[in-house]
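A quick write-up on the structure given underneath.
The values are calculated or read from the model by the stated rules, or taken from the named source; none is laboratory data. This one's a predicted model, so the numbers in the text were calculated from it and none came from an experiment. In this analysis, Cβ positions are derived from the backbone assuming ideal geometry, glycine residues included, and neighbour counts consider all displayed protein chains. Note: accessible area is taken over every heavy atom of the protein model, side chains too, but ligands, DNA and RNA are not part of it. Shrake-Rupley method; radii C 1.70, N 1.55, O 1.52, S 1.80 Å.
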Amino acid sequence: ASLPGMSVTKASELLQQQDRIIKGFPEVESVFGKAGRALTATDPAPLEMFETVINLKPEDEWRDGMTTDKLIAEMDEALKFPGVANSWTMPIKARTDMLATGIRTPVGIKLFGNDLEQLDALATEIEAVVREVPGTTSAFAERLTGAYYLDITPDLRSLAQYGVTLGEVQDVVAAALGGEMVTTTVEGRERYGVTVRYPRELRSDPQQIAREVLVPTMDGAMIPLGQLAKVEIAKGAPAIRTENALLSAYIYVDIRERDIGSYVAEARKAVADNVQFPPGYYATWSGQ
């Protein structure tokens, strides 16, 4: 997991680097990484969250004295990228943990409250405290702010001046920037939707979008979007979680060479001693 705001290009580049490093280990048969979410509402993963499945060779082909724990420790050491927190698990166990609790690491902290910015600050504070507890290999708090959004705000006066309706502007934005399915291609028994939108180089910069996305008027003239609307980058929440009618934030904690029971007892005490919770905010411990 990493910080919000990562671009598609950077996520792809970082994922490829990680995969190449993992494949360099002689015990690894194959490695397959995924950035972001699959086409399902059950996997709301952002681009900055990678999931990598590693298939290992039979143990008789491993280096002498190598164990699973030792291999994970070596890989973890080789994959220390700035701003990236690693957590290690087994594929089926990870799915089961996420379905049961929403936490994909052995230990997780769920933080509850009423304000996103306050939750974000508290979660980061808890992350720093937990990271110092012996046995912690990684601690990562979900960031609740810092994602980037492209805001397009139509100017009603300009729309009236050019005789363009609000719906026409929204249709152009939806098709040119978001992509619109225009037809379906039929290949035997298979059906594929065909989506059309502007190429990435024409929709990657707000000033370029304002200048080069054109909106047709009733008399056939093409007006740049920037003359009809304000186009700007705004910061916001990457995702908003709610649980028990409160906003929530998750802190993911991976541990090694220590039993979970004693670890949680020590980590819980460290958080209680070092983190001041405002009224109405509290944390619960989750995971395995």
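Each peptide in 91-102, 228-239 receives the mean, over its residues, of other Cβ atoms within 10 Å, and ordering these scores from highest gives 228-239, 91-102. For L144, the shell of other residues with beta-carbons less than 15 Å away shows a net charge of -4, using +1 for Lys and Arg and -1 for Asp and Glu. Amide H contacts of S204: none lie under 5 Å away among residues 5 or more positions distant or on a separate chain (H built 1.01 Å from N in the peptide plane; Pro and chain starts excluded). To the nearest 0.05, what FRET efficiency results for R191 and A41 with a Förster distance of 25 Å applied to their C-beta separation? Calculated value: 0.75.
Evaluating 6.51 cos²θ - 1.76 cosθ + 1.60 at θ = phi - 60° for every residue in the range 52-60, the Karplus couplings come out as 10, 9, 10, 9, 9, 6, x, 4, 6 Hz, glycine and proline recorded as x.
With each label modelled as a point 7 angstrom along the Cα→C-beta vector, the N55-R200 pair spans 2.8 nm. Contact order for the range 189-288, expressed relative to its length and based on alpha carbon pairs under 8 Å spaced 6+ residues apart, stands at 12 percent. Once both labels are positioned 7 Å from their Cα atoms along Cα-to-Cβ, the gap between E132 and L214 label points is 6.1 nm.
Sequence-distant contacts, meaning Cα pairs under 8 Å at least 6 residues apart, place the relative contact order of the chain at 25 percent.
Mean silhouette area of the range 131-288, derived from the convex hull of its C-alpha atoms and averaged over all directions, reads 17.3 nm².
Residue ranking by accessible heavy-atom surface, 1.4 Å probe, largest first, among R268, R157 comes out as R157, R268.
Once semi-axes √(5λ) of the Cα gyration tensor in Å is calculated for the structure shown, the corresponding label among (1) 43, 27, 16; (2) 59, 22, 16; (3) 55, 21, 20 turns out to be (1). Multiplying the residue separation of T165 and F277 by 0.36 nm and subtracting their alpha-carbon distance yields 35.4 nm. Using the Cβ of T89 as centre and a radius below 9 Å, the other residues enclosed give a net charge of 0, where K and R count +1 and D and E count -1.
Centroid-to-centroid, using Cα positions, the range 214-287 and the range 97-148 are 9 Å apart. A simple spin-label model places the labels of V8 and E74 3.7 nm from each other, with each point 7 Å out along Cα-to-Cβ. Shown for the chain: lysine pairs separated by 8 or more places, or found on different chains, whose C-alpha atoms are under 18 Å apart, numbering 10.
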